Amino acid sequence: MKKLVLILLLLILLGGGGAAAWWFFLREKPADPQLAAAPVAAPIAYLKLPAFTVPVIRDGMPHGMITVELTMELKDESVRPKAEARLPVLNDRLFVVLYDLLGRRYMQEQNFNLDLVKGRLLIAADKVMGEPGSITNVTFTAVETRFAS
């Protein structure tokens, strides 16, 4: 009787293990409708700009210099050719914005609020590109300041 119970228990364990293996590894899983309907996001493209060295002028005298390296985040790769074609104008406009903002006493008192600078750079970039939202973000990769003591 004991042997019969042990054999029956062994068969139940083997059958349960085989069913579990089939359930987890061998069966076809139904497609998740949420995953199938989700659109695939386009890869983000980046455009690295040359370093800008901006002089800080106070009361008609040079007060210091700020060197800024920027990377623009483009909406997608299709924007890159237009951005590269407009790169001289884009560089000029961004330099003018940096020169205008970084030379103000307000910016130095606010410890050079990079969020404000980023917002103004995005507005200027949208105007140059002629298509709002084509440049989605500006990243400061390096900021170096040199001021006279």
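Computed values, structure above
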item: Residues that are in a strand (DSSP E or B), under 21 Å from the mean Cα position of the chain (by Cα) and surrounded by fewer than 13 Cβ atoms within 10 Å (Cβ to Cβ), drawn from the range 47-63; result: Lys48
item: The range 132-149, subset exposed (fewer than 13 other Cβ atoms within 10 Å of the Cβ) and part of a loop (DSSP other than H, G, I, E, B), residue farthest from the chain's Cα centre (by Cα); result: Ser149
item: Within the range 75-117, tally of residues that are at pLDDT 85 or above, surrounded by fewer than 17 Cβ atoms within 10 Å (Cβ to Cβ) and aliphatic (A, V, I, L, M); result: 5
item: Filtered residue count, the range 119-131, keeping only those that are loosely packed, with under 15 Cβ neighbours inside 10 Å and either outside the structural domain of Asn91 (by TED's automatic domain parsing) or basic (Lys, Arg) (or both); result: 1
item: Residues (touching a residue at least 24 places away in the same chain (Cβ under 8 Å) and assigned to a helix (DSSP H, G or I)) located in the range 109-120; result: Leu114
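The values are calculated or read from the model by the stated rules, or taken from the named source; none is laboratory data. All figures in this text were calculated on a predicted structure; none of them were measured in a lab. Cβ sites come from the backbone with ideal geometry, for glycine too, and all protein chains shown count toward neighbours.
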